[in-house]
Amino acid sequence: MDRREVLRLGAVGAGIFAFAGLPRAAGRAAAQSGAPTVDRLVMTNVVDNVYDVFAKGGKLDAITVQRSPLGPDGALLAEHGLAYHLESVRGAERREVLLDFSLTERSLLNNYAVLKVDPSKADAMILSHGHRDHYGALPDLARLAQGKLKPGLTLYAGGEDTFCHRVVTTPSGTIDQGQLDQAGLEARGLKVVLARQPAVASGHAFTSGQIPRLTDFEKPPAAARLVAGPMDSACSVTHFGATRVEAKPGELVADNFQGEHATAYHVKDRGLVVITSCGHAGVINSVRQVQKATGIEKVHAVVGGFHLAPAPDEIVAKTVEAFKAIDPDYIVPMHCTGLNTIMAVHAVMPRKLVMPSTGTRVIFGA
Ligand SMILES: [Fe+2]
Ligand SMILES: [Fe+2]
């Protein structure tokens, strides 16, 4: 794809939503869309399900992929979880964002150390949703880093339900996903913002806001449940979505992930980089929401867990068809995406597929 085509596809339209928290400097760089633009984004896959020491790196057409081989600083740890470090540059301005916090403190802190990620340099934190494999190490991180983080450091969550008790039902019983303690995080000095609408984080990144369910094939996982809280509390089942459900406190209700949100960047001359994290709201819904929120059509990359591992072939096929319509330059499938979807993407768009691994860095932009 030549530069002229990138520019044509990246034509900026009018954003649908006003971005909350858009600082003046970012506003100047935001063109007409309301979304900030960065020159470069370095996405580091701090923790993921797989650590492949033999994965190849190198320069592709428009991105550079760097790997983390075994080295003197110790081995990276993989686990069922996800954590990112996102470093962006605009001119002389540099920002760092920590997105999601894996399952265990052991993996997250080990990998931060090996990858030389210093949480005290973070300009913002973002949590995608309230599953333990994304927030698990956050309470320990907040405790250990208390007093060392930047003053007033904001944690962006997508809604009240991020802090509700969740479980997953299986034929052999329920798996407790736990409940993240918002007040506990605030007591450690984090400022928790519920970004139900698109919001700028750190002046460079932005969140999608809550994600409308536009496709007819992307459904929340059938096994996901919320534990109903007291009536009229933040975790009351009547609090979420348009469907009112009668349930007593403590009963399990279907989880629609009302407060899940995606993270995105607009990379100059490239387009949007959309990071879904776990993608319960649907990877296609997430991309469409970011496009709508920014008024920017061109998608440079779709990154993250797409939660299609348990999906039937029909859903995978529809997702791949939608990817073809969106036509991103790169797809970086992580965590819960599933080999079924990775193989389907590879079959029809092999040059777009970039396989990540714990410790992988992808450099977008100049
Ligand atoms: Fe999840
Ligand atoms: Fe997950």
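No lab work stands behind these numbers, since they all come straight from the coordinates. Here the structure is a predicted model, which means the values were calculated and not measured. Using ideal geometry, Cβ is built from the backbone for each residue, glycine included, and neighbour counts are taken over all protein chains shown.
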Glu251-Thr174 pseudo-label distance in nm [points 7 Å out on the Cα-to-Cβ vector] | 1.3 nm
Could you list the residues of segment 35-79 with an amide nitrogen less than 12 Å from a label point located 7 Å from the Cα of Ser120 in the Cα-to-C-beta direction?
-> none
Using Cα pairs closer than 8 Å and at least 6 residues apart in sequence, work out the relative contact order for the chain, in percent.
-> 22 percent
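Set the Förster distance to 25 Å, then compute FRET efficiency between His80 and Ala113 from the Cβ-Cβ distance, nearest 0.05.
Working: r = 21 Å, r/R0 = 0.83.
Calculated value: 0.75.
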Rounded to one decimal in nm, the spacing of the 7 Å Cα→Cβ label points at Ala309 and Met343 is 1.6 nm
With Gly189 itself left out, Lys, Arg at +1 and Asp, Glu at -1 over residues whose Cβ is under 11 Å from its Cβ give +4
Could you calculate the contour length gain from Leu353 to Asp327, that is, 0.36 nm times the residue separation minus the distance between their Cα atoms, to one decimal place in nm?
-> 8.2 nm
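Efficiency by 1/(1 + (r/R0)^6): what FRET value for Met231 and Lys59, r their Cβ-Cβ distance, R0 = 45 Å, to the nearest 0.05? Numbers along the way, then the final one.
Details: r = 57 Å, r/R0 = 1.26.
Approximately 0.20, to the nearest 0.05.
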Taking trypsin sites (Lys or Arg not before Pro) as exposed when DSSP calls them loop (any state but H, G, I, E, B) and at most 12 other Cβ atoms lie within 10 Å, what is the longest stretch of the chain free of them, the sites themselves excluded?
-> 245-366
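How big is D, in µm² s⁻¹, for the chain by Stokes-Einstein at 25 °C and 0.890 mPa s if Rh is the Kirkwood radius over C-alpha pairs?
Details: Rh = 20.5 Å.
Stokes-Einstein gives a translational diffusion coefficient of 120 µm²/s.
May I ask you to order 68-75, 229-236 by the average number of other C-beta atoms within 10 Å around their residues, highest value first?
Details: 68-75: 12.5, 229-236: 14.8.
Listed from highest to lowest mean packing, they are 229-236, 68-75.
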The cysteines in the chain that find no other cysteine Cβ closer than 4.7 Å to their own Cβ are Cys278, Cys336
Compute the projected area of the convex hull of the Cα atoms of segment 43-187, averaged over all viewing directions, and report it in nm² to one decimal place.
-> 11.3 nm²
